[in-house]
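The structure appears below as structure tokens.
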Amino acid sequence: MPKEDFLNIDSLLSSEELQIRDVARQFVRERVLPIIEDCYERGVYPQELIKPMGELGFYGCTLPEEYGCAGLNNIAYGLITQELERGDSGIRSFASVQSSLVMYPIYTYGTEEQKRKWLPALAKGEKIGCFGLTEPDYGSNPSDMVTRAERTKYGWKLNGAKMWITNGSIADVAVVWAKTGADARSIRGFLVEKGTPGFSAPEIKKKHSLRASITSELIFQDCEIPEENLLPNVEGLRGPLSCLNQARYGIAWGAVGSALATYTTALDYSLSRIQFGRPIAAFQLTQRKLADMITEISKAQLLAYHVGKLKDAGKVTPAQISMAKRNNVAMALNVAREARTILGANGISAEYPVMRHMNNLESVLTYEGTHDIHTLIIGAEVTGIQAFK
Ligand code: TGC
Ligand code: FAD
């Protein structure tokens, strides 16, 4: 019995999907794992991996080949995020933002010129993107955002600030959501290019989580945006929230990868660590922890797989994606915490990946809609009553 595929989920995957999964797995083993603890400790993103990940087709991988993308299905996309997050949530975050939050809106809501200009370069990792929705005072409730775009003779003038933006300081293009009128129905998306006067993106330091990931503030002071940088084909909160569906789906798989990393570490450790003359794996309390971990991981894999199949069939709902993101991230955090107990004092050491994953998952639990917000999205779906407000 393979130690991490208890339910033989591999038997559900096509040979192409398995091959893509294995390419991502090998990339993480060879390029990410040897350096990631050091990056985490120093608080830097390994930028030397950005182009190699593009060469392997990891960015925007479900988008069509005519824009330089791989044209894969959603199961393959999920398997890639699973393997990337097995390495580190920061690596998966980079790919999620580039793919789901930057390439997806340009592809879905952009002009043909915008697609030709940005998608092939973003797919190769030659250009980097970020996504600005959250503001210092508006996180879970983006409909009350205060960043504004006013019409000018030549386009738009942007004023406001975005907060907690992954990749912000290194991005060549920021997809920024701003109000053009009084309420959330006037929200529009803008492509703000690096170097635009009035735009700055200072990095947020002193994080205890997602340390191998760049997180920034975006500041706009009378920032002039040409008309051709408006995403013309969407208006209202539906624009940014539709991008979140793509990223939240990827996170549901990514969380499984993180859980596999901490579970397999704990399993291996429990078999070699001797106390009271026996491997700690021989104690019933340890076996119960391991049994609970692999059961929850297996259930999460099936959930992600099924939601992926629905997505490929064009039948998935946002609430189903919320269920997968909510369940799988909470599952991964619980698995990491149990794994840490199995490692004893070694559980807090950077010699093992467990605490790094655990700390990362505290961000993953909060971003892309907090655990509570996804609870309320599911609650609204089953009761028909919105409890947000
Ligand atoms: P509500 O009135 O429900 O909806 C407004 C309009 O949006 C539509 N809509 C959606 N469309 C597509 N997909 C979804 N998931 C959608 N949810 C809602 C809705 O149909 C409506 O459209 P229309 O045409 O009728 O106007 O909006 P609300 O203001 O009540 O808010 C609902 C709520 C709370 C669920 C929403 O605001 C929400 O999801 N809040 C959480 C915010 C969030 O997730 N932020 C994430 C920021 S990005 C990020 O974290 C990146 S981390 C990246 C990384 O490093 O990986
Ligand atoms: P708040 O919305 O202030 O929530 C605080 C608490 O209140 C939470 O527990 C929440 O669940 C609870 N709460 C709020 N409303 C309700 C309610 N109605 N009912 C019950 N409980 C409620 N954003 C981007 O736009 N782009 C990015 O690239 C990005 N990257 C990120 C990277 C990192 C490392 C982190 C940590 C965040 C990132 N975010 C990004 C921001 C993220 O999406 C927000 O942090 C998240 O949406 C929550 O917003 P908030 O932090 O303002 O918390």
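None of the figures in this text is laboratory data; all of them are computed from the coordinates on show. None of these values were measured; they are calculated from a predicted model. Cβ coordinates were reconstructed from backbone atoms using ideal geometry, including for glycine residues, and neighbour counts include every protein chain displayed.
In degrees from 0 to 90, rounded to the nearest 10, what is the angle of the helix 238-272 Cα long axis to the longest principal axis of the chain? Relative to the chain, helix 238-272 is tipped by roughly 20 degrees.
Of the residues Cys61, Gly308, Pro136, the one whose Cα sits farthest towards the positive end of the charge dipole of the chain is Pro136 (charges of +1 on Lys and Arg Cβ, -1 on Asp and Glu Cβ, taken about the Cα centre). About its Cα centre, region 20-165 has a charge dipole of approximately 440 debye under the convention of +1 per Lys or Arg Cβ and -1 per Asp or Glu Cβ, with nothing else charged. Taking a straight Cα-Cα cut-off under 25 Å and skipping sequence neighbours fewer than 8 places away in the same chain, the lysines within cross-link reach of Lys325 are Lys3, Lys162, Lys207, Lys289, Lys299, Lys309, Lys311, Lys315, Lys389. Across region 104-112, coupling constants 3J(HN,Hα) worked out from phi with the 6.51/-1.76/1.60 Karplus curve, θ = phi - 60°, read 4, x, 5, 5, 7, 10, x, 7, 4 Hz, and Gly and Pro carry x. If Lys and Arg each add +1 and Asp and Glu each add -1, what is the summed charge of the other residues whose beta carbon sits under 13 Å from the beta carbon of Asn359? Taking every Cβ under 13 Å from that of Asn359, the sum is +1.
Using Cβ point charges alone (K and R +1, D and E -1), the dipole size of region 274-389 about the Cα centre works out to roughly 160 debye.
Taking a ≥ b ≥ c as the square roots of the eigenvalues of the Cα gyration tensor, region 1-122 is oblate, since a/c reaches 1.5 or more and a/b is not larger than b/c. Every helix of 4 or more DSSP H residues in the chain counts as -39500 (n - 2.57), and over all residues that averages to -15500 deg cm²/dmol at 222 nm.
Under 14 Å of direct C-alpha separation, and excluding same-chain neighbours fewer than eight residues apart, Lys157 reaches these aspartates and glutamates: Glu193, Asp222, Glu224, Glu227, Glu228.
May I ask you to derive the FRET efficiency for Leu13 and Glu65 from their Cβ-Cβ distance with R0 = 25 Å, giving the value to the nearest 0.05? It comes out at approximately 0.70.
The C-alpha radius of gyration of region 220-280, expressed as a fraction of 2.2 N^0.38 Å, stands at 2.28. Taken about its Cα centre, the chain carries a charge dipole of roughly 620 debye when the Cβ of each Lys and Arg holds +1 and the Cβ of each Asp and Glu holds -1.
Among the GluC sites (Glu not before Pro) in region 274-382, those placed in a DSSP loop whose Cβ has at most 15 other Cβ atoms within 10 Å are Glu351.
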